[in-house]
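Below you'll find the structure, written out as structure tokens, and then a few comments.
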Amino acid sequence: MTNVLEVENLKVHFPTGKGGKVHAVDGLSFTLAPGTAFGLVGESGSGKTTAAMACARLTDITSGTVRLNGRDITHVSGAELKKARRDIQVVFQDPYASLNPRERAGSIVRRPMDLLEIGSPSERDARVDELFALVGLRPDQKDLFPHQFSGGQRQRIGVARALATNPGLIVCDEPVSALDVAIQAQILNLLGRLKRDLGLSYLFISHDLAVVQHLCDQIAVMYLGQIVEIGSRKELFTRPLHPYTHALISAVPSPERIGLDGNARIRLKGDPPSPISPPEGCRFAGRCAFAEDRCRATTPPLRVIEGGHAVACHRAEEPDLAAIAIAQAESLPAG
Amino acid sequence: MTDVTTTAPKPVSPSMQAWRMFRQNHAAVLGLGILIAIIVISLLGPYIYTVPPRDMVWMPLTPPGTSEYVLGTDYLGRDLLAGLINGGRVTLAVGFAAALITVAIGISVGALAGFFGGRVDNFLMRVTEFFQVLPNLLFAMVVVMLFGPDLLNISIAIGIVSWTSTARLTRGEFMRIREMDFVKAERSIGAGNTRLIWRVILPNAAPPLIVVSALAIGTAILFEAGLSFLGLSDPNSTSWGRMIGDNRPYILDSPWGVTFPGLCIFLTVLAISLIGDGLNDAFNPKLRER
Amino acid sequence: MTTPLLSVRDLEIAFRSDGTDIPVVRDLSFDLAHGETLGIVGESGCGKSITALSLLGLVPSPPGRVTKGQILFEGEDLVGAREQRLNQVRGNDISMVFQEPMTSLNPVYTIGEQIAETARVHFGLSKAKAWKRAVEMLSLVGIPSPDQRAYDYPHQLSGGMRQRVMIAIALVCEPKILIADEPTTALDVTVQAQIFDLFQDLKRQIGAAIILITHDIGVVAQMTDRVMVMYAGRKIEEGPVAQFVRDPRHPYTSGLVSCIPRLMMPPSDEVEDLFEIPGVVPAPRDLNRPGCPFSPRCNRVMPRCRDENPALEVRADGRKVACWLETEVAA
């Protein structure tokens with residue numbers, strides 16, 4: 001069976017005003033199997049959102065290849081691009097910004113079918129009703145405008161719009177991070193249910209490890225435009241390898257960590273280096289407590305440890321790093 | 001809240017919200033009333049008050065209230081009231097036409113510059129700056145003199161010199177809105193540039209543009225008055241500005257000859273400003289929250 | 001018994017709309033002891049932030065105003081206090097850190113100037129001494145090479161650094177209470193962790209009491225001693241943090257605690273759906289209906305809940321809960 005999405009050596013560079021280049025995404029490769037969710041985790045500036053937008057062809061790609069259902073869509077345009085758009089849709093982060101304030105909910109959901117020419121007008125109307133029911137909205141809310149909905153309901157409209165063309169893959173860009181706690185669960189459950197019932201695949205962008213662990217099957221951790229660790233949910237959270245992954249896990253405020261002493265945590269120093277001129281060697285070395293001379297000198301390649309689990313760290317298997325993973329696991333509940 | 005209530009709320013579009021807000025602004029509603037009254041009088045007046053505006057009907061320089069021509073006559077014995085009623089048509093026509101041209105050029109240039117950015121933006125902004133540094137009145141006079149002083153040319157001249165600020169505002173709004181997620185969302189469902197510019201971004205940029213367009217009418221009326229005052233007006237039609245210009249030499253003998261048309265211009269521009277103010281408040285979401 | 005540092009009694013805050021006062025906070029009472037960290041939890045629209053602002057006399061007025069109750073700071077009522085006195089309190093005793101660090105800093109002054117100015121006004125220091133103090137504060141909040149960074153303008157700093165500057169400004173006067181309203185929501189997780197470490201260190205060093213407003217249960221568990229849960233303008237549960245996390249009593253509290261995904265190591269094999277609290281927080285103007293305001297969303301609702309609003313009951317173990325389930329058990 002072909003993969004839903006194959007990304008090979010994807011690079012997205014933005015020109016800066018002063019003639020430099022922002023290396024937003026710098027050599028990204030991964031594959032996404034049908035019916036699975038792939039999580040891209042990282043902090044602001046890691047390039048996770050840019051990477052996702054490039055896959056959805058909403059940002060210009062500098063180099064590399066993006067294949068959707070086996071078809072190369074890196075440089076397609078016109079009718080070919082429209083055809084591709086039917087199969088890849090996006091749910092955006094902020095439901096207050098992603099819906100046109102001057103359009104009624106029903107027509108927002110119907111629009112993808114109009115623009116991408118799917119079905120007859122009456123079929124489109126019927127599909128809107130079906131989608132409203134699917135995401136938990138009432139059909140009598142079709143005529144309302146976005147400002148008349150709560151944040152959670154708006155995100156349901158966003159999900160319905162993404163589902164309208166019956167795509168195989170949905171890019172979810174931090175779909176719950178702008179929502180209230182109690183509402184996040186509603187949307188996460190909706191996404192989980194849709195994945196199970198419709199066999200959807202997700203490219204899921206998030207900064208929240210707990211959310212990613214909850215929803216994703218494969219996970220890649222990004223730092224400064226590159227993947228530093230990639231593996232299945234089980235592999236990554238049973239035996240995290242990269243010091244940055246450790247730092248992320250350690251920073252998650254968990255209800256289990258009541259009054260946890262700050263000293264028991266990995267403290268990251270400083271800020272990430274500039275993506276305009278990334279440093280030589282390992283990009284994380286400047287903030288890493290385990291960095292050695294070789295880390296600053298040579299870039300560690302992404303190497304497979306076992307199965308699908310790969311890490312870009314010279315020292316990943318050394319005992320002092322492994323000890324950190326064990327300490328982390330002890331402060332968190334086991335599943 | 002909608003989960004608790006059993007009946008669905010009524011759809012309220014952003015325009016309806018703005019209208020509700022506008023109605024609460026008494027000054028703006030008053031302005032709208034005055035403007036509607038002036039438009040109605042200008043359109044229907046000549047059919048009801050049939051005194052010919054350009055013929056000598058009585059002794060020249062008759063003061064108001066001393067004859068059957070209630071506002072008096074000018075230096076040629078023409079009825080001032082008839083002049084005002086008929087002049088309103090011309091003034092308003094030029095005002096609206098010039099504003100339309102201003103807005104059409106301004107929005108087109110601003111929208112393209114703001115949407116495409118980069119080189120397109122650079123080029124269009126240089127053009128805008130060129131028009132911005134031209135001395136407005138002088139340039140308009142040159143245009144009118146070159147092409148002849150008829151109403152269309154006057155409107156075009158005013159439009160050509162006053163579109164730059166609309167273009168800048170439009171550009172700014174487009175640059176802001178094109179980065180918003182709903183524009184990206186439209187792209188992701190296959191919307192092309194034409195749709196993005198005219199159907200998606202423009203309606204969302206409309207509020208401040210509507211305000212400046214309303215104010216542009218007022219500015220155009222003042223501009224027309226200025227040109228007419230300097231003698232650059234259509235010889236076949238009388239506008240309020242032209243009346244002031246014509247009666248200027250006799251200001252000491254018959255001050256009413258300039259006062260009444262001046263008052264008309266003042267009232268019209270004031271009404272438009274009040275409306276513009278009201279629209280501004282109605283569209284401003286910060287005030288709406290209160 | 002000694003007087004608490006801060007004692008809020010029967011506070012009611014209302015917003016005027018169309019000629020009527022609509023309460024957004026009602027019957028709110030709580031105490032804060034020296035050196036304690038109190039968490040205030042709830043969804044947006046529950047009155048958390050406006051409560052915090054009221055402690056500083058900063059309720060936006062009009063349309064808002066404290067309509068009832070007392071805010072006793074060391075025994076002195078701040079409700080109705082003169083603006084001059086409130087200014088003293090804000091400068092000296094209670095300070096606040098806001099959610100968005102960029103908009104809270106003045107972009108045209110260097111960060112050193114902004115901190116020094118506060119110190120100068122507050123302690124009457126000379127310019128040179130105030131500057132020295134500013135540099136000390138920057139070093140205290142963990143900004144590297146503070147003597148150089150003091151000359152930076154806010155836009156030259158990252159989000160985490162700006163929030164540290166905000167904290168430095170808030171702490172320069174050595175306040176007795178620090179109020180932090182979602183101080184890390186705009187920040188990355190690793191930066192959030194740094195800021196919270198900083199809070200813990202500062203609490204140890206300066207001994208300030210902290211009121212932390214957040215919607216993140218993990219943050220609450222890690223940072224606070226005691227938690228107060230607000231729903232629709234009322235306090236519905238209060239107790240020590242461990243009990244809040246492990247044995248929440250109010251259905252809303254237990255909903256909040258169980259609706260978030262938990263990070264697990266190793267992960268579970270099967271993923272179950274998260275617990276859902278259906279619906280949304282009611283708007284303040286819908287609160288005049290009888291019954292418990294949470295009843296339309298509650299999964300354990302009883303007929304009684306729809307008719308009568310339960311009062312806050314103090315349990316035998318000192319925890320406070322406003323829910324009929326509690327009284328049913330007790331009776």
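Using only Cα atoms and rounding to the nearest 10 degrees, what angle (0 to 90) does helix A:151-163 make with the longest principal axis of chain A?
80
Dividing the convex hull volume of the Cα atoms of the stretch A:235-331 by its residue count, what figure in Å³ per residue is obtained?
113
Checking the cross-link filter: which aspartates and glutamates have an alpha carbon closer than 12 Å to that of A:LYS11, excluding same-chain neighbours under 8 positions apart?
A:LYS11 reaches A:ASP26, A:ASP60.
Which longest run of chain C has no exposed loop site in it, a site being GluC sites (Glu not before Pro) in a DSSP loop with at most 13 other beta carbons within 10 Å, and the site itself not part of the run? Mind dumping the intermediate values first?
Values: sites that count: C:GLU74, C:GLU270, C:GLU272, C:GLU308.
The longest such stretch corresponds to C:75-269.
What is the spread of the Cα atoms of chain A along each of their three principal axes, largest first, in whole Å?
66, 47, 43
What per residue convex hull volume, in Å³, comes out for the stretch B:1-101 when only alpha-carbon positions are used? Mind dumping the intermediate values first?
Values: hull volume 17.2 nm³, N = 101.
Dividing the Cα hull volume of the stretch B:1-101 by its residue count gives 170 Å³.
In peptide C:141-148, how many Cβ atoms from other protein chains are near each Cβ within 10 Å, on average? Kindly include the intermediate steps, with their values, before the conclusion.
Working: counts 0, 2, 0, 3, 0, 0, 0, 0.
Other-chain Cβ atoms within 10 Å of each residue's Cβ, averaged: 1.
What is the Cα convex hull volume of chain B when expressed per residue in Å³? It would help to have the intermediate numbers written out before the result.
Numbers: hull volume 51.3 nm³, N = 290.
Once divided by residue count, the hull of chain B is 177 Å³.
Just check the stretch C:106-169 against the gyration tensor rule for me: Cα atoms, a ≥ b ≥ c as the square roots of the eigenvalues, rounded for a/c under 1.5, and otherwise prolate or oblate depending on whether a/b exceeds b/c.
Working: a/c = 1.82, a/b = 1.52, b/c = 1.19.
It is prolate, given that a/c is not under 1.5 and a/b is the larger ratio.
Any of A:LYS82/B:LYS184; C:LYS235/C:LYS320; C:LYS203/C:LYS235; A:LYS48/B:LYS184 with alpha carbons more than 20 Å apart? Name them for me. Write out the running numbers ahead of the final one.
Values: A:LYS82/B:LYS184 15 Å; C:LYS235/C:LYS320 9 Å; C:LYS203/C:LYS235 26 Å; A:LYS48/B:LYS184 17 Å.
Cα-Cα > 20 Å for C:LYS203/C:LYS235; rest within.
Helices from chain C with mean Kyte-Doolittle at least 0.5 and a Cα length along the axis of 15 Å or more, per DSSP H: which?
Values: long enough: C:111-123 (18 Å, 0.02); C:127-140 (20 Å, -0.16); C:159-171 (18 Å, 0.85); C:189-206 (25 Å, 0.13).
Flagged H segments are C:159-171.
Cα to Cα, under 20 Å, and not fewer than 8 places away if on the same chain: which lysines meet these conditions relative to A:LYS234?
Reachable lysines: A:LYS195.
About the Cα centre of the protein assembly as shown, how large is the charge dipole given +1 on each Lys and Arg Cβ and -1 on each Asp and Glu Cβ? Please answer in debye to the nearest 20.
Details: 94 positive and 98 negative charges, 181 e Å.
With Lys and Arg at +1 and Asp and Glu at -1, about 860 debye.
Using θ = phi - 60° and the Karplus relation 6.51 cos²θ - 1.76 cosθ + 1.60, list the HN-Hα couplings for the stretch C:272-281 in order, rounded to whole Hz, with x at every Gly or Pro.
After applying 6.51 cos²θ - 1.76 cosθ + 1.60, I find 9, 4, 6, 5, 10, 9, x, x, 9, 4 Hz.
Where the only charges are on Cβ atoms (+1 Lys, Arg; -1 Asp, Glu), what is the dipole of chain C about its Cα centre, to the nearest 20 debye?
Values: 35 positive and 42 negative charges, 172 e Å.
For chain C, the charge dipole is close to 820 debye.
What's the angle, to the nearest 10 degrees (0 to 90), between helix A:181-198's Cα axis and the longest principal axis of chain A?
70
Cα axis of helix A:105-115 to longest principal axis of chain A: angle in degrees, 0 to 90, nearest 10?
Approximately 90 degrees, to the nearest 10.
Taking the Cα centre of the stretch A:5-222 as origin and charging only Cβ (+1 Lys, Arg; -1 Asp, Glu), how large is the dipole, in debye to the nearest 20? Walk me through the numbers before you get to the answer.
On the way: 25 positive and 24 negative charges, 64 e Å.
Roughly 300 debye, rounded to the nearest 20.
Got a sec? Charge dipole of the protein assembly as shown, +1 on Cβ for Lys and Arg, -1 for Asp and Glu; which of C:LEU178, B:ILE85, C:SER126 is way out at the positive end?
The residue sitting farthest along the positive end of the dipole is B:ILE85.
For chain B, what does the relative contact order come out to in percent, with C-alpha contacts under 8 Å and a separation of six or more?
Value for chain B: 26 percent.
Considering only DSSP beta bridges whose two residues both sit in the stretch A:5-222, what percent are antiparallel, to the nearest 5?
Roughly 45 percent of the beta bridges in the stretch A:5-222 run antiparallel, per DSSP.
Pick from C:SER158, C:SER268, C:SER54 the residue whose mean-square fluctuation is largest in a GNM of chain C, springs joining Cα atoms under 10 Å.
C:SER268
Could you work out the longest stretch of chain B that avoids the GluC sites (Glu not before Pro) located in DSSP loops with at most 10 other Cβ atoms within 10 Å? Could you put the intermediate results ahead of the total?
Numbers: sites that count: B:GLU68, B:GLU179.
Longest gap between qualifying sites, sites excluded: B:180-290.
Using Cα positions and a limit of under 21 Å, work out the lysines in reach of B:LYS10, with same-chain residues fewer than 8 apart set aside.
Here the lysines satisfying the reach criterion relative to B:LYS10 are A:LYS142.
Is chain C rounded, prolate or oblate when judged by the Cα gyration tensor, a ≥ b ≥ c being the square roots of its eigenvalues, rounded requiring a/c under 1.5 and prolate requiring a/b larger than b/c? Spell out each step's value before the answer.
Working: a/c = 2.04, a/b = 1.49, b/c = 1.37.
It comes out prolate by the Cα gyration axes.
Rank A:THR298, A:SER331, A:PHE237 by how far each Cα sits towards the positive end of the charge dipole of the stretch A:235-331 (+1 on Lys, Arg Cβ; -1 on Asp, Glu Cβ) and give me just the farthest.
A:THR298
Using the alpha carbon gyration tensor of the stretch C:1-90, what are the three equivalent-ellipsoid semi-axes (square root of 5 times each eigenvalue), largest first, in whole Å?
Working: eigenvalues 98, 53, 26 Å².
Values for the stretch C:1-90, descending: 22, 16, 11 Å.
Taking Cα pairs under 8 Å and at least six residues apart, what relative contact order does the stretch A:235-331 come out at, in percent? Please report the intermediate quantities before stating the final value.
On the way: 92 pairs, mean separation 31.1, N = 97.
Averaging sequence separation for qualifying contacts and normalising by length gives 32 percent for the stretch A:235-331.
Computed from the mean reciprocal separation of all distinct C-alpha pairs, what Kirkwood hydrodynamic radius does the stretch A:176-249 have, in Å? Provide the component values of the computation, followed by the final result.
On the way: mean 1/r = 0.0747 Å⁻¹.
One over the average 1/r among Cα pairs gives 13.4 Å for the stretch A:176-249.
Could you work out the helix-only [θ] at 222 nm for chain B, with each DSSP H run of four or more residues adding -39,500 (n - 2.57) and the total divided by the number of residues, to the nearest 500 deg cm²/dmol?
Values: 12 runs with 202 residues, N = 290.
Here the helix-only value at 222 nm equals -23500 deg cm²/dmol.
Across every pair of different alpha-carbon atoms, what Kirkwood hydrodynamic radius in Å does the stretch A:53-206 reach? Before the final figure, lay out the partial values.
Numbers: mean 1/r = 0.0627 Å⁻¹.
In the stretch A:53-206 this quantity evaluates to 15.9 Å.
At 222 nm, what helix-only mean residue ellipticity would chain A give, in deg cm²/dmol to the nearest 500, using -39500 (n - 2.57) for each DSSP H run of four or more?
Counting only the DSSP helices, I get -10000 deg cm²/dmol.
Within 10 Å of each candidate Cβ there may be at most 13 other Cβ atoms; applying that plus a DSSP loop requirement, which trypsin sites (Lys or Arg not before Pro) in the stretch C:4-109 survive? Could the numbers behind the result be given before it?
Numbers: sites: C:ARG9, C:ARG16, C:ARG26, C:LYS48, C:ARG65, C:LYS68, C:ARG82, C:ARG85, C:ARG90; in loops: C:ARG82.
Here the trypsin sites (Lys or Arg not before Pro) that fit, given the DSSP loop and packing criteria, are C:ARG82.
Which whole-percent values make up P(r) of the protein assembly as shown when all C-alpha to C-alpha distances are grouped in 20 Å steps starting at zero?
12, 35, 34, 15, 4, 0
Among A:LEU248, A:ILE227, C:TYR231, whose Cα lies farthest out toward the positive end of the dipole of the protein assembly as shown, if unit charges sit on the beta carbon of Lys, Arg (+1) and Asp, Glu (-1)?
Among A:LEU248, A:ILE227, C:TYR231, the one farthest towards the positive end of the dipole of the protein assembly as shown is A:ILE227.
Coordinate-derived values only; no laboratory data. Note that this is a predicted model, so its numbers are computed, not measured. Backbone-built Cβ (ideal geometry, glycine too); neighbour counts: all protein chains shown.
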